[in-house]
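Below is one structure, written out as structure tokens; comments come after it.
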Amino acid sequence: MKRFTVAILVNNQFGVLNRVTSMFRRRQFNITSLAVSETESTQFSRITIQSEGDEITKQQLINQLYKLPDVKSVLEFNPDETVSRELLLVKVKNDPEARSGLTAASDAYEGKIVDYTKESIIIQMVGDTRKINNFVKLMKDFEILEICRTGIISLERGATTIDKNVFI
């Protein structure tokens with residue numbers, strides 16, 4: 001199945017995220033990534049969702065989103081015209097024999113060591129999903145203690161903004 005990403009501009013109100021995700025559940029759409037935050041205006045929040053499906057499934061999803069009263073705009077991202085990033089924090093065991101390899105891997109992927117204790121090292125990585133996935137695969141050579149990832153966040157290149165598509 002093909003992955004696609006949409007941004008949804010919604011009223012910044014209690015319960016809106018629940019209503020959006022409940023629509024996914026009712027329609028049996030799988031969410032592979034989810035990120036939510038307030039926007040440049042406290043009136044709105046932005047929900048960025050990545051899901052999977054064919055073109056018909058994607059269009060059904062977008063049509064259902066537009067039916068929700070708190071949804072003000074939906075923007076489907078074209079991967080070629082989008083800057084997308086996610087954040088990874090990975091905690092690995094601080095093993096003296098593996099430390100130089102761990103540091104080298106972090107440097108090669110432009111990671112940053114953000115915490116260093118006798119027991120563990122936490123590396124922060126920002127990048128596209130492929131970069132994050134590749135780094136996680138590489139980290140499996142070490143003793144991973146814990147992983148935490150944000151959902152994908154995306155902005156369309158150029159002057160287009162999600163609020164230019166707002167409908168009332």
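No lab work stands behind these numbers, since they all come straight from the coordinates. Quick caveat, the model's predicted, so the values are computed rather than measured. Note that each Cβ is placed from the backbone with ideal geometry, even for glycine, and that neighbours are counted across all protein chains shown.
3J(HN,Hα) couplings calculated from phi for the stretch 23-35 with the Karplus curve 6.51 cos²θ - 1.76 cosθ + 1.60 (θ = phi - 60°) are, in sequence order, 5, 4, 4, 4, 8, 6, 8, 8, 9, 9, 7, 8, 9 Hz; Gly and Pro show x. Take the chain and mark each of the GluC sites (Glu not before Pro) that is in a DSSP loop with at most 10 other Cβ atoms within 10 Å; the longest unmarked stretch, sites excluded, is 41-96.
For the chain, what's the relative contact order in percent, using C-alpha pairs closer than 8 Å and at least 6 residues apart?
28 percent
Within the chain, what is the longest stretch that has no chymotrypsin sites (Phe, Trp or Tyr not before Pro) placed in a DSSP loop and near at most 11 other beta-carbon atoms within 10 Å? Free of exposed loop sites, the longest segment is 15-166. Against the longest principal axis of the chain, how steep is helix 55-67, in degrees 0 to 90 to the nearest 10, with axes from Cα atoms? Here the helix axis deviates by roughly 60 degrees.
The phi torsions of the stretch 125-142, fed into the Karplus equation with coefficients 6.51, -1.76 and 1.60 and a -60° offset, translate into couplings of 9, 10, x, 6, 4, 4, 4, 4, 4, 5, 5, 4, 4, 5, 5, 5, 6, 10 Hz, rounded to whole numbers, with Gly and Pro shown as x. A prolate overall shape is assigned to the stretch 3-76, the ratio a/c of its alpha-carbon gyration tensor axes (a ≥ b ≥ c) being 1.5 or greater and a/b exceeding b/c.
Scanning residues 5 or more positions from residue 87 or on other chains, those with amide H under 5 Å from its amide H are 150, with H placed 1.01 Å from N in the peptide plane.
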